[in-house]
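In what follows, a single structure is set out as structure tokens and then discussed.
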Amino acid sequence: MTRAADLSRARTVDLANVDLDYEGFRALARNPHLSAHEKIGFPDTYREGFEQAILADILAKLPRLASDEALTVVDIGPGCAGLPKMLIELCRERRHRLVLVDSPEMLAMLPDVEGVTVKRDGLFPENRAAVLAAAGGGADAVLCYSVLHYIFQDTNLFDFADALVELMAAGGRTLVGDIPNASKRRRFFASEPGQRFHRDFTGSSEPMPVTFNEPVPGKIDDAVLMGLMMRAQAAGCDAYLVPQGEALPMANRRDDLILARP
Ligand SMILES: C[S@@+](CC[C@H](N)C(=O)[O-])C[C@H]1O[C@@H](n2cnc3c(N)ncnc32)[C@H](O)[C@@H]1O
């Protein structure tokens, strides 16, 4: 893995070939040469022009965010690019309180809006008590977008699921979005549309080899997602695995997970 010291000062970072975790993101956030998208681990082309469609997809899955209910909202891993800034503006307009949970380096790059934003730094779910307290004992909407694969590197995912269940108020809902699912990726690339996608992306006529019945160390797959769903269900929540809007850049290989407390 690339050393944190290199991530924090290299003029360019080969983001496709860096294994990121919470500390890796802290280093990217400190690097003055990177764009906001690069600081959150995305080449600019992966996010530029897509953020409005991503927010629309989030609102379709967390529809109460668009209401004027003065909700308590928590964003776990907001990063520092356009998405949290749009969410902050939406919460300001709708009079929601928004608890932002990320490293101090990422949080420092987000605006402070009086009466709207509350920042809690640290690695979730280790800081779950502080986040729950900042949410006043329960959140109506929780967003954790494009973060689960990093939480998978750093912590026990069942602790994460337990902490989300604990964080939701009655009637609350969580969207764990933009999850790379190795099983879904395999299914897609084993199909003709997947092979066509590969040919168009690489410009090569070589087929992409796809293997099944092999371990995928370090990767989230169907089993991990089903396990998280069953953990939340056993704790009294509903759980749904749903597709991303087709306009989203990685919809063919990513899933969204919704947890809902009745
Ligand atoms: C790929 S970025 C996604 C940012 C934002 N949600 C978005 O989609 O634009 C991942 C973010 O999650 C943060 N992060 C990673 N692991 C975390 C954890 N365990 N607790 C809190 N934040 C975490 C990183 O610092 C980074 O800002």
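The values are calculated or read from the model by the stated rules, or taken from the named source; none is laboratory data. It should be emphasised that the depicted structure is a prediction, and the values quoted were computed from it without experimental measurement. Every residue, glycine as well, gets a Cβ built from its backbone with ideal geometry; the counts of neighbours run over all protein chains shown.
Here are some notes:
- Meets criteria (surrounded by fewer than 18 Cβ atoms within 10 Å (Cβ to Cβ), within 15 Å of the ligand (Cβ to nearest atom) and under 23 Å from Asp19 (Cα atoms)) for Pro104: yes
- Where helices (runs of 4 or more DSSP H) fall entirely within region 122-237, those with at least 1 residues that are in contact with a strand residue (DSSP E or B) (Cβ under 8 Å, 6 or more places away or on another chain) and farther than 21 Å from Ile40 by Cβ are at 128-134, 157-167, 182-189, 222-234.
- Cβ-Cβ distances below 6 Å connect the following pairs, each with a first residue in region 19-30 that is under 14 Å from Cys80 (Cβ atoms), a second residue that is at pLDDT 95 or above and more than 7 Å from the ligand (Cβ to nearest atom), and a separation of six or more residues or different chains: Arg26/Glu105; Leu28/Lys39; Ala29/Lys39; Ala29/Glu105; Arg30/Glu105.
Per-residue answers, yes or no, for (1) closer than 17 Å to Leu83 by Cβ; (2) hydrophobic (A, V, I, L, M, F, W, C):
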| residue | (1), (2) |
| --- | --- |
| Thr117 | yes, no |
| Asp121 | no, no |
| Ala135 | no, yes |
| Val142 | yes, yes |
| Ala161 | no, yes |
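- Test: residue in region 86-96 that is within 12 Å of the ligand (Cβ to nearest atom) and either closer than 28 Å to Pro32 by Cα or touching a residue at least 12 places away in the same chain (Cβ under 8 Å) (or both): yes
- Put simply, of Gln244, Gln153 the only residue that is at pLDDT below 95, of a type in the set (S, T, N, Q) and within 18 Å of the chain's Cα centre (by Cα) is Gln153.
- Test: residue in region 126-136 that is in the same structural domain as Leu55 (by TED's automatic domain parsing), in contact (Cβ under 8 Å) with a residue 40 or more places away in the chain and surrounded by fewer than 18 Cβ atoms within 10 Å (Cβ to Cβ): yes
- Which listed residue is more than 24 Å from Leu7 (Cβ to Cβ) and either more than 13 Å from the ligand (Cβ to nearest atom) or in contact with a Ser or Thr (Cβ under 8 Å, 6 or more places away or on another chain) (or both), from Val131, Val99: Val99
- Options Ala60, Ala36, Ala66; residue that is among the small types (Gly, Ala, Ser), within 13 Å of the ligand (Cβ to nearest atom), modelled with pLDDT of 95 or more and at negative phi: Ala36
- Qualifying residue in region 39-48 (condition: within 17 Å of Ala247 (Cα to Cα), of a type in the set (D, E, K, R) and near the ligand (Cβ under 8 Å from one of its atoms)): yes
- Options Gly122, Gly79: the member that is on the phi > 0 side of the Ramachandran plot and either surrounded by 23 or more Cβ atoms within 10 Å (Cβ to Cβ) or of a type in the set (Val, Ile, Thr) (or both): Gly79
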